[in-house]
Amino acid sequence: MAASEKEKAISTSESLLEEHRELRELMETICATSDLSVMLPLLDELKDELKEHFATEEAPGGFGTVVSESAPHKASVVDHLFAEHKEFLISVQRLHEAVENCLAGPVAEVRTAAALLKRRLRKHEAQENELLSDSLYTDLGGG
Ligand SMILES: [Fe+2]
Ligand SMILES: [Fe+2]
């Protein structure tokens with residue numbers, strides 16, 4: 001590999017390593033998010049980032065080129081990794097659907113139950129408030 005090609009390969013490698021760091025951080029954020037409605041847009045972001053990242057790796061001059069030029073015996077490993085790209089995009093899509101279903105199903109049910117509890121408790125306590133003020137008024141009136 002000529003010196004200029006080597007320099008280009010190093011630069012490609014550095015930018016891919018940086019993208020890997022960013023993707024790792026995004027995945028950490030997604031996994032640390034307990035609010036599914038917050039997770040949904042993060043999964044959209046992940047899908048977009050991954051599409052772009054995988055396209056960069058697969059493009060001429062990208063990861064595949066760098067590895068095949070410096071380590072041609074690793075071609076089958078590269079093929080395997082590139083095949084995984086499609087699987088990852090499908091997995092992200094499935095996770096996105098699972099989160100949507102959860103929000104529309106179990107999460108919506110829990111929110112409805114919480115709202116019902118709030119209304120019942122408010123009514124119950126309003127009745128008690130009324131009784132308290134009636135009693136107080138009666139007491140004062142009677143005293
Ligand atoms: Fe990658
Ligand atoms: Fe990759």
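The values are calculated or read from the model by the stated rules, or taken from the named source; none is laboratory data. If you're wondering where the values come from, they're calculated on a predicted model, not measured in any experiment. All Cβ positions, even for glycine, are placed from backbone atoms using ideal geometry, and neighbour counts span all protein chains on display.
Quick notes
- Cβ-Cβ under 7 Å pairs, at least 6 apart or on other chains, segment 48-69 side of a type outside the set (Gly, Ala, Ser), far side in a helix (DSSP H, G or I) and more than 10 Å from ligand 2 (Cβ to nearest atom): GLU49/LEU26; LEU50/LEU89; LEU50/VAL92; LYS51/LEU89; VAL66/ALA9; VAL66/THR12; VAL66/SER13; VAL67/LYS74
- Within segment 73-85, residues that are more than 17 Å from PHE54 (Cα to Cα) sit with their Cβ atoms under 7 Å from residues that are more than 10 Å from ligand 2 (Cβ to nearest atom) and at pLDDT below 95, at 6+ positions apart or across chains, in these pairs: LYS74/VAL67.
- Here ARG24, ARG94 are screened, and the one residue that is within 16 Å of ligand 1 (Cβ to nearest atom) and not acidic (Asp, Glu) is ARG24.
- Residue match in segment 18-36 (condition: within 15 Å of ligand 2 (Cβ to nearest atom), touching a residue at least 24 places away in the same chain (Cβ under 8 Å) and farther than 30 Å from LEU103 by Cα): yes
- Test: GLU100 is in contact (Cβ under 8 Å) with a residue 40 or more places away in the chain and more than 16 Å from ligand 2 (Cβ to nearest atom): yes
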